[in-house]
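The values are calculated or read from the model by the stated rules, or taken from the named source; none is laboratory data. The model shown is predicted, which means the values in this text are computed figures rather than measured ones. When we count neighbours, we look across all protein chains shown, and the Cβ atoms used for this are built from the backbone with ideal geometry, even at glycine.
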Amino acid sequence: MNVLELKEVTKRYGEFTAVDAVSLKIEKGKVLSLLGPSGCGKTTTLRIIAGFTLPDSGTVEIAGDNVGQLKPYERNVGLLFQDYALFPHMTVAQNVAYGMRY
């Protein structure tokens, strides 16, 4: 079973296409990395998976369920930014635990 599947997901901001018909499947126990230059759609794709950004077309399935209508807190998906939301004076473990503690 796939734990995550994107089917032809597209997101546009005006004339700019941030994500263009992305399809992928992630099987249980597998790890995926999104790599690429700034502006290629990595963060937009992650925001779509987490539910913070709605795609213009396509579907997101988590554990076989279409989650397109679910709010972010209903998806059981976490999103941790690489820099902007981290506290530089804390360790990685302290940063991760911060949200759960408060």
Revision key, fill the gap. When every residue in segment 70-102 that is surrounded by fewer than 15 Cβ atoms within 10 Å (Cβ to Cβ) and within 21 Å of M1 (Cβ to Cβ) is compared, the one modelled with the lowest pLDDT is G78
Review point. If we only count strands (runs of 3 or more DSSP E) wholly inside the chain, which ones have 3 or more residues that are of a type in the set (A, V, I, L, M, F, W, C)?
Key: 2-13, 16-27
Point to revise | Hits in segment 8-39 (condition: under 14 Å from the mean Cα position of the chain (by Cα) and either acidic (D, E) or surrounded by 11 or more Cβ atoms within 10 Å (Cβ to Cβ) (or both)) | key: V9, T10, K11, A18, V19, V22, S23, L24, K25, I26, L34
